[in-house]
1. Summing +1 for each Lys or Arg and -1 for each Asp or Glu, what net charge is found among the other residues whose Cβ lies under 15 Å from the Cβ of F83?
2. Could you check the simple spin-label distance between Q112 and I135, using points 7 Å along Cα→Cβ, in nm with one decimal?
3. Using Cα centres only, tell me the gap between segment 91-125 and segment 6-65 in whole Å.
4. Name the chymotrypsin sites (Phe, Trp or Tyr not before Pro) in segment 56-108 that are in a loop by DSSP and that have at most 14 other C-beta atoms within 10 Å, would you?
5. For F159 and I44, FRET efficiency with R0 = 25 Å and r from the beta-carbon atoms, rounded to 0.05?
6. Looking at the chain as a GNM with Cα springs under 10 Å, which of L158, L27, L56 has the largest mean-square fluctuation?
7. Which value in Å does the Kirkwood hydrodynamic radius of segment 50-131 take, with 1/r averaged over all unlike C-alpha pairs and then inverted?
8. Among K90, K37, what is the fewest-to-most ranking by other Cβ atoms within 10 Å?
Amino acid sequence: MSFLYIKALHIIFVVTWFAGLFYIVRLFIYFAEAQEKPEPERSILQNQFRIMQQRLWYGITWPSAVLTLIFGISIWHLYGGGFPGWLVWKLAFVLCLYVYHFLCHSIFKQQQNGVIRYSSTQLRIWNEVATVFLIAIVFLVVLKNTLSMVWGIVGLLLFSAMLMLAIRIYKRTREAKQPR
């Protein structure tokens, strides 16, 4: 019975972690776009986005990432350990997700110091990386077999290509609507 409670908590913190990852990059985008505004609008917006980033990052995203890890290890231990093929792949994607998290932390620290290294378009693409990890991990956990994983990766690549196309179309549409 405790296994199910731990599994439920793991899922809850995975969801809140992803919510934090999705929203923090949106805040990065808004912060970068505020750079193009005239003063005092720029300062007002960027100061507000800094506050929002701090509260989200330290209040939701980081704690959720840590608790996801703790409950995930607990599930693995209660499940009996071992590393079936699907779990090895899942853990590889999860490791990449933690790398993504740390890279987001780097962007967070830069923006907290007023440094903008990436355009809003680059950050929009970056925002979709978490989506790719989410899809890969969920399919591996649900399907648990290698053949399905191969088809999942093919689908993931197609999905990624569609996302990149959608981002380009969105950028062109935004640029066409801006007054010259």
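Computed from the coordinates by the stated procedures, all read-outs in this text should not be read as laboratory data. Treat the numbers as computed from the prediction; the structure is a model and nothing was measured. Neighbour counts run over all protein chains shown; Cβ positions are idealised from the backbone, glycine included.
1. Residues close to F83 contribute a combined charge of +2.
2. It is 3.2 nm.
3. That distance is 11 Å.
4. Y79
5. Efficiency for this residue pair is about 0.10.
6. L158
7. Values: mean 1/r = 0.0681 Å⁻¹.
Result for segment 50-131, one decimal place: 14.7 Å.
8. Numbers: K90 21, K37 13.
Least crowded to most crowded, the residues run K37, K90.
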